[in-house]
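Single-structure report; data block below.
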Amino acid sequence: MKDKVFIVWSGDSSVAQKVKNRLEGNHNYICLIGGGFGTQVQAMSVGDTVIKQMNLCNQAIVLFQNRQTGTVSDNLFFELGYVAASYGWKKIHCISRKGESILLPSDFDNSFVEAIEGKTDDEFADNIVAFFLKRQRLSLVVNKMQLISNRHIMHDIIQAHYSEMGSKCSDYELAQYILFYMQAAVMFQDEPKVLEELRDFKRKHNMEFSKEITIAVNLSVALLEVQVGLKNDGGTVFLDEPAFRKYYNACRNILDEIEEDASGTFDEWAKTFASENIAYACCHYAENPGISDSMRASLYERTIKYGKEALVHIEQLEANTPTNENNDSTGLISLFKAYVYRHLFLACRSICREEAGEWLNKALKERAQLVRNYNDYAVDSKLYMNFEMEYYLILIEYLNYYGRDGMDPFDFEMSLSEIDEFIAKTERNNSVHVFMKAISEQRKSFE
């Protein structure tokens, strides 16, 4: 079930009815027309009916039309105020017919009312539906790291989407929530639980999915299956061949399916996730001890190829207004940069490319920034622990790469002391994680 849409009208309800018929018949929405017209039994008072209708919905189309007296209905302004307070302005779609002079109260201007062509009522209704559907392609105007830190919000939104209580967002927005919910699962290390949730979601509602939801669910399930299927041999984490092949093919196909759109940021986020995930998978399959040296070298070349593609998509995200307003560049975008830079460092180091040090320096800078930005209870403590472990992992890799002779002696000793303090803290807290094992093992090389 998609959003329930409350249609506010003034003058004649015939256009409202045509919009309702089109949205319900062709696009699977549920629409309630203000005042109980054709939607409710008439046992209640009109006022009671309207309040109940508005409380059932989470979006509104407001049709500014003059009555025979030449003015807009007073009820329209009451209903407009109620739905604006209840749903938020981005869920309110105010429309008038182009060329019709609408008389508004002095406190209003007409800047929030979209004038739409409509020589006939049918043409007007068609254009209203097209305008409404275009406005469903909204970017999530919230900081993604805060959203991940409060992942229960995303869980509730996903579960509500096809329930009888009605969805809390558009399909386009839900597709974004699913990607960030998957990312939260990876960062909180509860991949098996979320994997089963998304598989169940797909089993129940696959036939109702929009294209964006299909891409988001398939991409998320594919990555979580890889996370659950990672092998660990004496501290070496890698993928086996069947898991890699399945995942690599799935992500490449998904990248081809993602359509560019000028309205929202789903396409940029999806491309970033998919390309970074392919680089990640190539890098982990390259660690498989059973593959040939030539295959390993080819995998590192693929890691570099898709890692650099991911950076292009990240640049497109950074140029997007919503991500700037939400400070995503210092949150989830920074995290993706850190992921990609480390993939590039590992691959370039393994095939002896000079640029390895450049990527390592960038990875360390991003990781240090994340630790600074999200300490002091800014996010869930488990997320912050994740940031810390990844920071110290890249720091010990930095010391190993440059060595004592390649660094300022004071900086080297200070970094080593910092790592020792972190290892001691995690041992006191009985923190066991594959990153901690890697940090501890690399630390021993300096003894």
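The numbers here are math on the coordinates, done by the rules we state, and not lab data. For clarity, every value in this text was computed on a predicted model and none was experimentally measured. With ideal geometry, Cβ positions are generated from the backbone for all residues, glycine too; neighbour counts draw on all protein chains shown.
For the chain, what is the calculated [θ] at 222 nm in deg cm²/dmol (nearest 500), taking -39500 (n - 2.57) for each run of four or more DSSP H residues and dividing by its residue count? Show your work: numbers first, answer last.
On the way: 18 runs with 278 residues, N = 447.
Per the formula, -20500 deg cm²/dmol.
Could you grab the relative contact order for the chain? Cα pairs under 8 Å, six or more apart, rounded to a whole percent.
Computed over the chain, the figure is 11 percent.
At 0.36 nm per residue, and after removing the present C-alpha to C-alpha distance, how many nm does the segment from residue 263 to residue 162 gain when stretched out fully?
Working: separation 101, 0.36 × 101 = 36.36 nm, distance 2.41 nm.
Gain in length upon complete extension: 33.9 nm.
Search the structure for amide H atoms under 5 Å from the amide H of residue 118, placed 1.01 Å from N in the peptide plane, and list their residues when 5 or more places away or on another chain.
Sorted by chain and number, the residues that satisfy this are 98.
Taking H placed 1.01 Å from N in the peptide plane, check which residues at least 5 places from residue 94 or on another chain put their amide H under 5 Å from its amide H.
Long-range HN contacts for residue 94: 62, 114.
Kindly provide the chymotrypsin sites (Phe, Trp or Tyr not before Pro) of the stretch 351-447 that DSSP labels as loop, not H, G, I, E or B, and whose Cβ sees at most 15 other Cβ atoms within 10 Å.
Here the sparse-neighbourhood loop sites are 377.
Please give the helix 46-56 orientation as an angle from the longest Cα principal axis of the chain, in degrees from 0 to 90, rounded to the nearest 10.
Tilt of helix 46-56: around 20 degrees.
Based on the alpha-carbon gyration tensor of the stretch 4-134 and its eigenvalue square roots a ≥ b ≥ c, which shape applies: rounded if a/c is under 1.5, prolate if not and a/b is larger than b/c, or oblate?
Rounded, since a/c falls under 1.5.
Once phi is turned into ³J(HN,Hα) by the Karplus curve 6.51 cos²θ - 1.76 cosθ + 1.60 with θ = phi - 60°, what whole-Hz value does each residue of the stretch 171-177 show in order, with x for glycine and proline?
Once rounded to whole Hz, the list reads 4, 5, 5, 4, 4, 5, 4.
What's the FRET efficiency of residue 117 with residue 372 using the Cβ-Cβ distance as r and R₀ = 51 Å, to the nearest 0.05? Don't jump to the answer; show the numbers that get you there.
Details: r = 52 Å, r/R0 = 1.03.
Computed FRET efficiency for residue 117 and residue 372 comes out at 0.45.
Helix 356-373 versus the longest principal axis of the chain: what angle, 0 to 90°, nearest 10, using Cα atoms?
Roughly 60 degrees between the two axes.
Between residue 214 and residue 98, what is the label-point separation in nm under the 7 Å Cα-to-beta-carbon projection?
That separation, rounded to one decimal, is 3.3 nm.
Tell me, 187, 414, 54 in order of fewest to most beta-carbon neighbours within 10 Å?
Neighbour counts put them in this order, fewest first: 414, 54, 187.
Working from Cα positions, state the angle (0 to 90°, nearest 10) between the long axis of helix 74-87 and the longest principal axis of the chain.
Orientation of helix 74-87: about 10 degrees from the principal axis.
Length gain on complete extension for the stretch residue 51 to residue 441, per 0.36 nm per residue less the alpha carbon to alpha carbon distance?
So the extension gain works out to 134.0 nm.
Among residues other than residue 413 whose Cβ falls under 11 Å from its Cβ, what is the net charge (Lys/Arg +1, Asp/Glu -1)?
Net charge in that neighbourhood comes out at -3.
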